[in-house]
Amino acid sequence: MSSIRLLYEPILQRDEPAIRIACAAFAEKEGDEALFHAVSRFAALAFNPSQHGRHAFLAGVAAWSLRDSPDSFPEILVECAIYAAEGRLPWSEPPVTDPPAVGADHPAGLGEIEEAIEANDRNRGERWLAANLERPDLGARIFEVAARHLEDLGHPFIVAAASWKLSMLQDRHPSYAALRPAVAELCMKREGGEARGTTGAGDRREIALRLIDVFARSGGDPEPFHDLALFASALEAEEEGCPSAIAERVIAAAGGGARPGGQSHELPEPGSLAAYKLARDHAQRLKAEWIARVLERHWSGIDCSAMLAAADYNLRSSNFDEWSFA
């Protein structure tokens, strides 16, 4: 039996003790980075736009930022595998790794994917992705569409950026399996949602510091955290080929969500990231580490300690693991 099958079987069965054993065995044989690829691929294949399904995928991709931390990286990967197992819907379809067959004349313009989004038609969206898969401007098209849909705390763009990053980490890019979550997120049914304000042109570092301050003052509230995640997603997407004009629009929207002021919380000094049950805070503490690394790549010496401290504070009081995974 192959190593990957031995790893995936307990994940499919949601057998937590067996998942821990299988991850340790896989990492010992194949290495920690191979374990990351296996776990993040599973999270992409199992993606669904429920809260836990979405954040299990984002956690799996965010874990890559810890690869230079040999003490925490393998332990967090185990927690990502468990979260991906729990976040998978009970009625999940068999894994879909290959694009659907579409003809050369299949509609591939942005109007087609917008109609799929309007109709909440995931299958139609996936055919659009298949029709665009070999286009050199695929990334720009995905980011352009996602940037038009920044409702729901910016999740469509956050998931699109994570999907593109995961695809770039695969043996073959673009990867249909890695990009499929972006389409699923875009085509999910949403109940309206307010339009986001914007900051207009502004200094990116100042926007980052303001977002950190608002999040810290909130004591780790999920809404200002998503402004930070959206901001970091735009920066990282730009690093990976997203046109700067699109990234700038998303950054303006993320900054427009920051509302200075509010009650301050007494935050302790942030601790180092330790393995924990990621469902408890929708993996916010893990994703805060990813955001910190993105910001530090752009501005050496930027102080992210208040963000990490607020995420620690939030983790102590969160209980999202008590929510249904269905």
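The values are calculated or read from the model by the stated rules, or taken from the named source; none is laboratory data. Keep in mind that what you see is a predicted model, and the values were worked out from it rather than measured. As a convention, Cβ positions derive from the backbone with ideal geometry for all residues, glycine included, and neighbour counts pool all protein chains shown. Ligands, DNA and RNA are excluded from the accessible area calculation, which covers all protein heavy atoms including side chains. Shrake-Rupley method; radii C 1.70, N 1.55, O 1.52, S 1.80 Å.
Quick one: what pairs do we get from the stretch 1-25, first residue at positive phi, second surrounded by 15 or more Cβ atoms within 10 Å (Cβ to Cβ), C-beta under 7 Å, 6+ apart or different chains?
So the pair list comes out as ARG14/ALA85; ARG14/GLU86.
Can you say whether PHE36 is within 20 Å of ILE158 (Cβ to Cβ) and either under 18 Å from the mean Cα position of the chain (by Cα) or open to solvent by 30 Å² or more (accessible area, probe 1.4 Å) (or both), as far as the supplied structure shows?
So PHE36 fits the description; yes.
I want to confirm something. Restricting to the stretch 1-24 and keeping residues that are touching a helix residue (DSSP H, G or I) at 6+ places or on another chain (Cβ under 7 Å) and of a type in the set (A, V, I, L, M, F, W, C), which single residue is most open to solvent (accessible area, probe 1.4 Å)?
LEU6
Could you tell me which numbered condition GLY31 fails, if it satisfies all but one of (1) without any contact (Cβ under 8 Å) to a residue 12 or more places away in the chain; (2) over 22 Å from GLN170 (Cα atoms)?
Among (1) without any contact (Cβ under 8 Å) to a residue 12 or more places away in the chain; (2) over 22 Å from GLN170 (Cα atoms), GLY31 violates only (2).
How do the pairs read when you match residues in the stretch 217-238 that are farther than 19 Å from ARG54 by Cβ with residues anywhere that are assigned to a loop (DSSP other than H, G, I, E, B) and open to solvent by less than 10 Å² (accessible area, probe 1.4 Å), using Cβ under 6 Å and keeping only pairs 6 or more apart or on different chains?
Hits for this filter: zero, empty list.
Identify the residue in the stretch 228-246 that is among the charged types (D, E, K, R) and closer than 14 Å to ARG204 by Cα and, among all such residues, is surrounded by the fewest Cβ atoms within 10 Å (Cβ to Cβ).
Step one: of the stretch 228-246, the residues among the charged types (D, E, K, R) are 236, 238-240.
Subsequent filtering for residues that are closer than 14 Å to ARG204 by Cα retains 236, 238.
Details: GLU236: 22, GLU238: 20.
Selected residue: GLU238.
Can you name every residue in the stretch 206-249 that is closer than 17 Å to SER65 by Cβ and not hydrophobic (A, V, I, L, M, F, W, C)?
SER233, GLU236, GLU238, GLU239, GLU240
Could you say which residue among PHE42, PHE26 is under 22 Å from the mean Cα position of the chain (by Cα) and at pLDDT 95 or above?
Going through PHE42, PHE26 in turn, the sole match is PHE42.
So which residues in the stretch 39-51 are in a helix (DSSP H, G or I) and crowded, with 20+ Cβ neighbours inside 10 Å?
VAL39, SER40, ARG41, PHE42, ALA43, ALA44, LEU45
If LEU77 passes every condition in (1) assigned to a helix (DSSP H, G or I); (2) more than 22 Å from GLU296 (Cβ to Cβ); (3) of a type outside the set (Gly, Ala, Ser); (4) open to solvent by less than 50 Å² (accessible area, probe 1.4 Å) but one, which one does it miss?
(2)
VAL39 versus (1) touching a Cys at 6+ places or on another chain (Cβ under 6 Å); (2) farther than 18 Å from LEU66 by Cα: which is the lone unmet condition?
With (1) touching a Cys at 6+ places or on another chain (Cβ under 6 Å); (2) farther than 18 Å from LEU66 by Cα applied to VAL39, the lone miss is (2).
Picking from ALA292, ALA326, ALA288, which residue would you name as being under 24 Å from GLU151 (Cβ atoms) and at pLDDT 95 or above?
ALA288
Every residue in the stretch 148-162 that is within 15 Å of ALA232 (Cβ to Cβ) and crowded, with 23+ Cβ neighbours inside 10 Å, please.
Matches in the stretch 148-162: LEU150, GLY154, HIS155, PHE157, ILE158, VAL159, ALA160, ALA161, ALA162.
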